[in-house]
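The values are calculated or read from the model by the stated rules, or taken from the named source; none is laboratory data. Please read all numbers here as calculations on a predicted model, not as lab measurements. Positions of Cβ are generated from backbone atoms using ideal geometry, with glycine treated the same way; all protein chains shown enter the neighbour counts.
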Amino acid sequence: MKSTKPRVVNCPQCGIPTPYSPLNEFRPFCSERCKMIDLGRWAAEDYRVPGAPIDETADPHVGE
Ligand SMILES: [Zn+2]
């Protein structure tokens, strides 16, 4: 069965579960406010991106 439920992530700013979907223009934040707060922190500090999710394909483990 396929689920059509949107993926939910916690807002990095306030921790509120937020739908991570194209409909949420502030994703991964819950709101514009949280997004702006985070952007302010980026400006204040040299805050780096934690890193993009690693999307590794299964390595070809060839067996005999
Ligand atoms: Zn938030």
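Brief remarks follow.
- Residue pairs whose Cβ atoms lie under 9 Å apart, separated by 6 or more positions or on different chains, with the first residue in region 1-23 and assigned to a strand (DSSP E or B) and the second of a type in the set (K, R) and at pLDDT 90 or above, are V9/R27; T18/R27; P19/R7; P19/R27.
- Some residue of region 41-58 being within 16 Å of the ligand (Cβ to nearest atom) and modelled with pLDDT under 90: yes
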